Amino acid sequence: MDHKLSPSTVLLLLVPPLLWAGNAVVGRLVIEMIPPITLNFLRWLIAAVFVIPLGYSVFKKGSGLWRLRRRYAMLGLLGIGLYNGLQYLALHSSTPINVTLVGASMPVWMLLIGMLFFRSRIAGRQLLGAMLSLTGVLVVLGRGEWQQLLQLRFVAGDIFMIVATIIWAFYSWMLVQSADTPEIRRNWATFLVAQLSFGVMWSGLFAAGEWALSSAAIEWSLPLGAALLYVAVGPAIIAFMCWGIGVQRAGPATAGFFSNLTPLFAALMSSAFLGEMPHLYHAAAFALIVGGIWFSTRR
């Protein structure tokens, strides 16, 4: 199905990769302070405290949440319990550049999973758009020098990120399924709370396993508290709100191309933190990524 991109939809799909780039940076900064799966659990627990007052009506009788419990248990498992937990875990054993490279394969997985499991057809322009966007990502990751890409080596963390990317593709396709009741889809808060009601339990279960099977420990500090607040409000609540609405408007395949902006934003953030000015290859990569998005969605 073709979807038209309005300016508001474009804005909705730009916010998540910007916040996700910050999520990767923060996740890397706190790897010595908190175990990765525990970080994911506390993130969503804090997010639930903020969101439940806005979407508590989903727990009322007749909302349809219990009838659709299997669907929301699966959405909570994929989008909340697994995806970010695996990403934080990947940052412990892999380099940020490798994790970003693997995550940049999102549009390809979106197209393949849509075709194999959700009866979606792949248009030629979508394949070409995917190639353009991925080329832009490679320009960023190689810092404008292709020799840099030849030196990349994949480790266990990269495998975790591959699995996480596939999981997110499944999650995004499930978002557009028409099994929801009006009471759940009434606004973004009730929709997110429906997922959180199961997702927090999944992430808590995984965190308990992490503490039982390893020598987990938390080094509490003000920076860690600030990091938890950011990943709970920004990449969790705001990004999920924008992504959910954007995917429903544009479709999962089109939305997947916007995720390719995450490594570009991450590179710009790294430059800002290091005091470096953006380079010419950043502009070239931006043109390729945006060009891929435009070409894949043109009629």
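The values are calculated or read from the model by the stated rules, or taken from the named source; none is laboratory data. Model, not experiment: these values are computed from the prediction. Glycine gets a Cβ as well: all are built from the backbone with ideal geometry, and neighbour counts include every protein chain shown.
General remarks:
- Residue within region 64-80 that is out of contact with any Pro (no Cβ under 6 Å at 6 or more places or on another chain), surrounded by 20 or more Cβ atoms within 10 Å (Cβ to Cβ), in a loop (DSSP other than H, G, I, E, B) and modelled with pLDDT of 85 or more present: yes
Yes/no per residue for (1) modelled with pLDDT under 80; (2) surrounded by 16 or more Cβ atoms within 10 Å (Cβ to Cβ); (3) of a type outside the set (A, V, I, L, M):
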| residue | (1), (2), (3) |
| --- | --- |
| M106 | yes, yes, no |
| F117 | no, no, yes |
| F154 | yes, no, yes |
| L175 | no, yes, no |
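- Residue-level check: of (1) at pLDDT below 95; (2) under 15 Å from G199 (Cα atoms), K60 misses just (2).
- Criterion: out of contact with any Cys (no Cβ under 9 Å at 6 or more places or on another chain), modelled with pLDDT of 75 or more, under 12 Å from G256 (Cβ atoms) and surrounded by fewer than 17 Cβ atoms within 10 Å (Cβ to Cβ) - qualifying residue of L112, L127: L112
- Helices (runs of 4 or more DSSP H) contained entirely in region 138-224, each with at least 3 residues that are touching a Phe, Trp or Tyr at 6+ places or on another chain (Cβ under 7 Å): 156-175, 188-213
- Selected residue (criterion: surrounded by the most Cβ atoms within 10 Å (Cβ to Cβ)) from residues of region 25-63 that are more than 17 Å from S93 (Cβ to Cβ) and polar (S, T, N, Q): S63
- Check on Y83, in contact (Cβ under 8 Å) with a residue 60 or more places away in the chain, in a helix (DSSP H, G or I), among the hydroxyl-bearing types (S, T, Y) and in contact with a Gly (Cβ under 6 Å, 6 or more places away or on another chain): no
- Single residue of Y171, Y230 found to be modelled with pLDDT of 90 or more and within 17 Å of L82 (Cβ to Cβ): Y171
- Close pairs (6 angstrom Cβ cut-off, 6 or more residues apart or separate chains): modelled with pLDDT under 95 in region 205-222, assigned to a helix (DSSP H, G or I) anywhere: A216/E210
- Residue check for G234: free of Cβ contacts under 8 Å to residues at least 24 places away in the same chain and surrounded by fewer than 21 Cβ atoms within 10 Å (Cβ to Cβ): no
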